[in-house]
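A.B. asks: One structure, pasted below without further comment.
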Amino acid sequence: MKRTQILDALNASAPCDDIRICGWVRTRRDAKGFSFLELNDGSCLTNIQVIVDEETDAYRSVGEATTGASVDIRGQLVESPGKGQKWEVRAATMTLLGKADPETFPLQKKRHSDEYLRTIAHLRPRTNKFGAAFRIRAEASYAVHSFFRENGFFNVHTPILTGSDCEGAGEMFRVTTLPAVGASAPAEGSVFDGDFFGKECSLTVSGQLEAEIMAQSLGKVYTFGPTFRAENSNTPRHAAEFWMVEPEMAFADLEDDMQLAEDMVKYVISHVMKHCAADLDLFCKFVDKELSARLENILAHPFARVSYTEAIEILKASGRKFEYPAEWGADLQTEHERYLAEEHFKKPVAVYDYPKEIKAFYMRLNDNGKTVAAMDLLVPRIGELVGGSQREERLDVLEARIKELGQNPDDYWWYLELRKFGTAPHAGFGMGFERLLMLLTGIGNIRDVIPFPRTPRHLEF
């Protein structure tokens, strides 16, 4: 008999004389003559109650149906006399699929700290909080794809293995087939001559440059995949492996870029609020009591826009004593970003036209020669959510910028050729998907919105 998901059973329109459900036991309460099981299969936040009467075959297995055990139950879906639930299952038969020793199963308590649950990432999705977080992650991912499809973008798959450094920071993981020890450079040439690709290979920090290639042919594209940075950072906002949403648009400028970022963020938030209401409600009640009002505020108002120069002036005039003083020419710190979004504008704000010295080579140089057409979208509680720019389409300016930042133009010959053959204005951005999930859920640590976090000294799974 086909299994019915608990989500579908709870939303049934009528009783059913023969239903089969499977799941993990959350709790079991024994009374005289019968037992109550709370069962969850991950399809939704809510458990379904199962009544196991001592006169049924199912009762013979009920003693082993301890918290964490998995069971297969057949019976009747009937109206529940209890409050807060429409349906319950009266079990006829129960098969124990997998035992869980009550002495050693680690999820016996109602509440565990996030720090402890990170040590058992193989089991934490069974908790209410993390089950809800990862269902929201799945729905938000679907919403990203839906948004771009509805707006005429093509999904492209950019490489994970790369021979170029998009960001120019050098914080990349090396990929090699060379032995861990004993590799030495030949008398002539490079040590990498004997490697798989014959040159140095790394895990990508961004799919942007390759997405630009596709945008110069398909017009509007996006890539959504894993990226990697070997940055020894232990902040709540950073991980070594994370997912990036990166659209690129031909025939677009910085204004188009900022509007696209605003539209996408609002679309995903609206979609998740509609389709994950019960899961979001958990976070509104138990994680961040201001979450609902914050998300509604984001949807209700246009995002603010301010130049970097104006932002520095706002920060200086704030009277706030920042740990890092706000000075023109310095990058904005998280404390600056959050002040602008949370206290000054009280909503998301796009800061644009940054000093060229603190931005990457591919960002379009403005006419003043001092700033580039870059933008960062700052949101409450997170700080930077999106970073993007109008890309430099002028060959001579691009070559000069690559050299100015100490990089080798030969490493980007293919990128430069895009400016030789039909160059066109274009723009794009990158959004850290996990940071969006932190905004959606109120979760304060990136390690808790990705199933298997990769951070310094943590590679368990």
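Read-outs: derived from the displayed coordinates by stated rules, not from any lab. Bear in mind the structure is a predicted one, so any value in this text is a computation, not a measurement. Don't worry about glycine lacking a Cβ; one is built from the backbone with ideal geometry, like all the others, and counts go over all protein chains shown.
A.B. asks: Kirkwood Rh over alpha-carbon pairs of the stretch 6-98, then Stokes-Einstein at 20 °C and 1.002 mPa s: what D in µm² s⁻¹, rounded to an integer? Intermediate results must be reported in sequence, preceding the final value.
C.D. replies: On the way: Rh = 12.9 Å.
Approximately 167 µm²/s, per Stokes-Einstein.
A.B. asks: Between Phe361, Ala121, Phe154, whose Cα lies farthest towards the positive end of the dipole of the chain when Lys and Arg beta carbons carry +1 and Asp and Glu beta carbons carry -1, centred on the Cα centre?
C.D. replies: Ala121
A.B. asks: Here is a follow-up. Could you work out how far helix 254-275 tilts from the main Cα principal axis of the chain, as a 0 to 90 degree angle to the nearest 10?
C.D. replies: That helix lies at roughly 0 degrees to the long axis.
A.B. asks: Of Ala424, Tyr222, Asn408, which is farthest towards the positive pole of the chain's charge dipole, taken about the Cα centre with +1 and -1 on the beta-carbons of Lys, Arg and Asp, Glu respectively?
C.D. replies: Tyr222
A.B. asks: Hey, another quick one. Helix 277-286 versus the longest principal axis of the chain: what is the Cα-based angle in degrees, 0 to 90, to the nearest 10?
C.D. replies: Tilt relative to the chain: about 90 degrees.
A.B. asks: Divide by every residue of the chain the summed helix terms, -39500 (n - 2.57) for each DSSP H run of at least 4, and state the resulting mean residue ellipticity at 222 nm, rounded to the nearest 500 deg cm²/dmol.
C.D. replies: So the calculated ellipticity at 222 nm is -8000 deg cm²/dmol.
A.B. asks: Based only on Cα atoms, what Rg/Rh ratio does the chain have, Rh being taken as Kirkwood's radius?
C.D. replies: 1.06
A.B. asks: In addition: Which pairs in the list Lys109/Lys347; Lys83/Lys285; Lys316/Lys403; Lys110/Lys289; Lys129/Lys347; Lys2/Lys266 are over 30 Å apart, alpha-carbon to alpha-carbon?
C.D. replies: On the way: Lys109/Lys347 38 Å; Lys83/Lys285 20 Å; Lys316/Lys403 34 Å; Lys110/Lys289 20 Å; Lys129/Lys347 26 Å; Lys2/Lys266 38 Å.
Distance filter (> 30 Å) returns Lys109/Lys347; Lys316/Lys403; Lys2/Lys266.
A.B. asks: I would also like to ask the following. Quick check: the angle from helix 291-300's long axis to the longest principal axis of the chain, C-alpha only, nearest 10 degrees?
C.D. replies: Once rounded, the angle reads 50 degrees.
A.B. asks: Rounding to the nearest 20 debye, state how big the charge dipole of the stretch 6-98 is about its Cα centre with +1 on each Lys and Arg Cβ and -1 on each Asp and Glu Cβ.
C.D. replies: Taking the Cα centre of the stretch 6-98 as origin, the dipole is about 280 debye.
A.B. asks: Would you please name the trypsin sites (Lys or Arg not before Pro) within the stretch 95-145 that are DSSP coil residues with at most 14 other C-beta atoms within 10 Å of their C-beta?
C.D. replies: Passing both the DSSP loop test and the Cβ count: Lys99, Lys109, Lys110, Arg111.
A.B. asks: Pairs of alpha-carbon atoms within less than 8 angstrom and 6+ residues apart define the contacts here; what relative contact order does the stretch 6-98 have, in percent?
C.D. replies: Relative CO of the stretch 6-98 lands at 32 percent.
A.B. asks: Answer with one residue from Ile6, Tyr59, Thr46: the one whose Cα lies farthest towards the positive end of the charge dipole of the stretch 6-98, charges on Cβ with Lys, Arg +1 and Asp, Glu -1.
C.D. replies: Thr46
A.B. asks: Quick one: putting +1 on the C-beta of Lys and Arg, -1 on the C-beta of Asp and Glu, what dipole do you get for the chain around its Cα centre, in Debye to the nearest 20?
C.D. replies: Numbers: 55 positive and 69 negative charges, 342 e Å.
Once rounded to the nearest 20, the dipole reads 1640 debye.
A.B. asks: So for each of 374-380, 347-353, 305-311, 193-199 I average, over its residues, the number of other beta carbons within 10 Å; can you give me the resulting order with the highest mean first? Each step should come with its number before you reach the end.
C.D. replies: Working: 374-380: 25.9, 347-353: 23.1, 305-311: 18.4, 193-199: 13.0.
Per-residue mean Cβ counts within 10 Å order the peptides as 374-380, 347-353, 305-311, 193-199.
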